[in-house]
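Engineer: One structure follows; several queries about it will come next.
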Amino acid sequence: MSAPTFPAGASTETQPAAGLPPTLAANPRLARWLGFSADGVVTIHSGKVEYGQGVWTALAQVAAEELGVSLSRVVVAPVITSDSPDEGITSGSRSVEESGASLRQACAQARSLMLGVAAVTLGTTAERLVVEDGQLTGPDGTAVTYWSVLAAHPGLLERDAGEPVPEKAMGSWSVAGRSAARLDLPDKVSGRPRFIHDLRLPGMLYGRIVRPPAPAARLAGLADPCLPPGVILVRDGSFLGVLAGADREAVQSAALVAKAARWEVSETLPDCDDLASFLRNAPAETVVVGEHRDERAAASAATTLAAEFTRPYIAHASMAPSCALARWDSGSLMIWSHSQGPFALRDAIAAGLGLDPAQVVVQHAEGAGAYGHNGADDVALDAALLARAVPGRPVRVLWAREDEMAWAPYGSAMLARLEAGLDAAGTIVSWRQDVWSGGYIGRPGTGGQPRLLALSHIEGGQPIPAALDGPPTGAIGSTRNAVPGYDIPDLLITRHRLLTMPIRTSSQRSLGAFLNVFAIESFMDELAAAAGRDPVDFRLAHLRDPRARRVIEQAAGLADWGARPRSESIGYGIGFARYKGVAGYCAAVAEVEAEYDIRVRRLWLAVDVGRVINPDGVINQVEGGAIQSASWALKERVRFDRTAITSVNWDTYPILRFSEVPQVQVRIVASPERESGAGEVAQGPVAGAIGNAVAAAVGVRVRDLPLTAEQVGRAIEAG
Amino acid sequence: MEEHHLRVNGATHSVTCDPGTPLLDVLRADLQLAGPRFGCGMGLCGACFVIVDGHARSSCDLPVWAAQQSEITTVDGLAATGALHAVQQAFLDSQAAQCGYCTSGMIMSTVALLAENPAPSEQQVRNALEGNLCRCGTHQRIVAAVLAAARRLAAEAAR
């Protein structure tokens, strides 16, 4: 039988086929998304990175489902900028939605191509082939496999995606939609090398950085640190680093350099105990992010309420300090990084060092959990700067815990002022919300600027520009979820983004939604009380969206809302939001005990995140989001004096511990809608629920986070 | 620089280093064990926990000279026979991790707890893990895994 011939794929110069998922249209070559190796393995290439959220497992399920192979055959390749599809930053709970859609369609097209070849080989039609674990069997029982098809036609996937082909209907899924064990956990429970911190390259040197003692500090002098022989000192302006043959020697040498350095330090930080004044008075850019007006409705207000809510700076506080490796080879630079945006990092490093992006390759390696923009990108530039001193040799840089806490960007402190009108029937007729905050968009490349820490320390370096906040909407930046999801006729939402950045801010899980939802949901309870309504009923009375109503009803049902016996010092509260206004729905009920301190005992959550690929993965993300949100809401606050950050380790930046962690119950509300991500849905609603439960337990509204016994006492005094 | 003799995962190792070198650094750099993780350097987070003479403790703030007379177990040594230890298996079964950076330390605290108290209450589990931080919020799964491991070990012992 002669080999069938196939038309060549469209060249990459032509327009991508219409209707393809966006990241597939931007990276149309099928072979860029998946490959089949001789050993019966399917390797998928996503542009999204794994940092403990389980995205690799979900994407492997998507591919296994669409191809018709068992999950155990699917391997996920780490992102490398020279090869992987560029899918931007892994953030915003968009990975399954974006990369999942592209992989699904790429796999569907690959499957269709391979079935076409197999049908010719087996003398039948593609429709009559049965696919089982990669084996394609014709009606007469003869069979080929994907791997044998590709061995005979190795260039088959070297083509661009064509017109979209039909994908498997959700109703026929057998791998997707079912809980799958995470692919990365066997290594992690065994302690096998898996993290970037475990990577060892031949001839590798160990680098450590000596950071200034304060955000605004300049190196004024450096005495001879008397470093051991062989240790290399790298100095560039106020950037100081050391390189040694062992990490312990680098640590000791960095301590010697720190002792020998003399710094000029300036008082540039705001008053840690009066952030509201700082936020309100700092120079700011004011934009309207949401507006629909109904003056007649607004004029019908019989009662008007106003309140202000604040949150402090919150640290990502990843379990591992950031780490990176770098190696220079005759003008090209190789980086290993746990960045959430390897492509943006490549471009930022190239821009910062005056290189062509083509000279830089970034390969992703797993770090510890990331909850937004931490030190991962910054340490990659640190490694590049040190590696430049030793061309040809790989250099590994690990940040100190204290530097991770003090130098990685924070989620910004925020102030939200809310004002709402209730008509005589107790219906909300108007809503004003003003949000003051540092920007939440400050990753490398934002605004065309590299925004890498060491660039502000090297000779001639400039401070990192104030973080931006994205387009003026309620979906992004500090005003994410600042537009209430309730049906309100007259609405005006305004953002005041700080134009200076004495304390560095950038993306943090859920961006502004954490405070905005805390504020909105707290205020909804205040309005419900003013209207004499039950908080759940009051919310439902302002919601027509059936998906929104369903999660509130389900969370209330799980918690036995209304039927729970009330007792002294125990309170219940509810919180709800649709993340970004357009993504996943989440409602939470909290049970709080306020006797000697504030304890969240239980949380009940219901989520609707559209179609679910890995139910246990979604539950894990929502549980984790809920517990982290509880930690932020109850305990977390970055402290500083007028010159320096003073929250530099776990003793000065406490987080929730086992004895304090609530029991969490999560229910997924089934939905056939598009996937909308689960990683961030819980942050706001849980904070709102806890705030309301605290108010119910202590009888006083606490509007300033964190909700510590001290803040409760202050609210009681003020009340 | 001095020579130190360490008993780790049942074998004796000689390491030449400064006596103040943290045990964690010796385990990772000299013995090339990836299991104990560096988290904070001050014994505050639990990522570097190992079992020293039956007790789970931090290795990042234990100088190597002080560990010489001790029997040290790391997560790397639990599955020496190839099969996962019951605690490791329970963590997998419960999918008790997100990023997994704290997992080694959690497992070591659990192994030490169950050796001393084979049938802990949930409260005792939480107390035993109080020195281990998890930033991803997987505490509830970890508690479930520890209780499942206790049941599994009890069933194995009864066999």
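Engineer: Mind checking whether some residue in the range A:29-48 is closer than 30 Å to residue A:333 by Cβ, part of a strand (DSSP E or B), in contact with a His (Cβ under 8 Å, 6 or more places away or on another chain) and not assigned by TED's automatic domain parsing to the domain that holds residue A:370?
Structural biologist: yes
Engineer: A follow-up question, please. Name the pairs: first residue in the range A:48-73 and without any contact (Cβ under 8 Å) to a residue 60 or more places away in the chain, second residue among the β-branched types (Val, Ile, Thr), Cβ to Cβ under 6 Å, at least 6 apart or on different chains?
Structural biologist: Close Cβ pairs (under 6 Å, with a partner that is among the β-branched types (Val, Ile, Thr)) amount to A:48/A:55; A:48/A:90; A:63/A:44; A:63/A:74.
Every residue, every condition in (1) at positive phi; (2) exposed (fewer than 15 other Cβ atoms within 10 Å of the Cβ); (3) in a helix (DSSP H, G or I), yes or no:
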residue	(1), (2), (3)
A:254	no, no, yes
A:257	no, no, yes
A:288	no, yes, no
A:326	no, no, no
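Engineer: Restricting the range A:640-661 to residues that are over 23 Å from residue A:690 (Cα atoms) and of a type outside the set (S, T, N, Q), which is surrounded by the most Cβ atoms within 10 Å (Cβ to Cβ)?
Structural biologist: Across the range A:640-661, the extreme among qualifying residues is A:645.
Engineer: Can you pull out the residues in the range A:172-221 that are within 11 Å of another protein chain (Cβ to nearest Cβ), free of Cβ contacts under 8 Å to residues at least 60 places away in the same chain and hydroxyl-bearing (Ser, Thr, Tyr)?
Structural biologist: A:190
Engineer: Does residue A:683 count as surrounded by 24 or more Cβ atoms within 10 Å (Cβ to Cβ), within 28 Å of residue A:715 (Cα to Cα) and either touching a Pro at 6+ places or on another chain (Cβ under 6 Å) or at pLDDT 95 or above (or both)?
Structural biologist: It is true that residue A:683 is surrounded by 24 or more Cβ atoms within 10 Å (Cβ to Cβ), within 28 Å of residue A:715 (Cα to Cα) and either touching a Pro at 6+ places or on another chain (Cβ under 6 Å) or at pLDDT 95 or above (or both).
Engineer: Exactly one condition in (1) within 14 Å of chain B (Cβ to nearest Cβ); (2) buried (at least 24 other Cβ atoms within 10 Å of the Cβ); (3) in contact with a strand residue (DSSP E or B) (Cβ under 9 Å, 6 or more places away or on another chain); (4) not in a strand (DSSP E or B) is not met by residue A:612; state its number.
Structural biologist: Of the numbered conditions (1) within 14 Å of chain B (Cβ to nearest Cβ); (2) buried (at least 24 other Cβ atoms within 10 Å of the Cβ); (3) in contact with a strand residue (DSSP E or B) (Cβ under 9 Å, 6 or more places away or on another chain); (4) not in a strand (DSSP E or B), the odd one out for residue A:612 is (1).
Engineer: Now for a separate question. Out of the range A:298-352, which residues are within 14 Å of chain B (Cβ to nearest Cβ) and not hydrophobic (A, V, I, L, M, F, W, C)?
Structural biologist: A:316, A:318, A:321, A:322, A:338, A:340
Engineer: Quick check, is residue A:93 among the small types (Gly, Ala, Ser), at pLDDT below 95 and surrounded by 17 or more Cβ atoms within 10 Å (Cβ to Cβ)?
Structural biologist: Spelling it out, residue A:93 is indeed among the small types (Gly, Ala, Ser), at pLDDT below 95 and surrounded by 17 or more Cβ atoms within 10 Å (Cβ to Cβ).
Engineer: Of the residues A:681, A:648, A:638, A:700, which is free of Cβ contacts under 8 Å to residues at least 40 places away in the same chain, in the same structural domain as residue A:554 (by TED's automatic domain parsing) and in a loop (DSSP other than H, G, I, E, B)?
Structural biologist: That would be A:700, the only listed residue that is free of Cβ contacts under 8 Å to residues at least 40 places away in the same chain, in the same structural domain as residue A:554 (by TED's automatic domain parsing) and in a loop (DSSP other than H, G, I, E, B).
Engineer: How many residues, within the range A:397-437, are of a type outside the set (A, V, I, L, M) and under 23 Å from the mean Cα position of the chain (by Cα)?
Structural biologist: Of the residues in the range A:397-437, 12 are of a type outside the set (A, V, I, L, M) and under 23 Å from the mean Cα position of the chain (by Cα).
Engineer: Among the residues of the range B:118-128, are any closer than 27 Å to residue B:32 by Cβ, at pLDDT 95 or above and either surrounded by fewer than 23 Cβ atoms within 10 Å (Cβ to Cβ) or not assigned by TED's automatic domain parsing to the domain that holds residue B:20 (or both)?
Structural biologist: Within the range B:118-128, none of the residues are closer than 27 Å to residue B:32 by Cβ, at pLDDT 95 or above and either surrounded by fewer than 23 Cβ atoms within 10 Å (Cβ to Cβ) or not assigned by TED's automatic domain parsing to the domain that holds residue B:20 (or both).
Engineer: Hey, another quick one. Looking only at helices (runs of 4 or more DSSP H) that lie completely in the range B:79-159, which have at least 2 residues being within 9 Å of chain A (Cβ to nearest Cβ) and among the β-branched types (Val, Ile, Thr)?
Structural biologist: Of the helices (runs of 4 or more DSSP H) lying wholly inside the range B:79-159, those with at least 2 residues that are within 9 Å of chain A (Cβ to nearest Cβ) and among the β-branched types (Val, Ile, Thr) span B:103-116, B:139-158.
The values are calculated or read from the model by the stated rules, or taken from the named source; none is laboratory data. The model shown is predicted, which means the values in this text are computed figures rather than measured ones. FYI the Cβ positions are ideal-geometry reconstructions off the backbone, even for glycines, and counts take in every protein chain you see.
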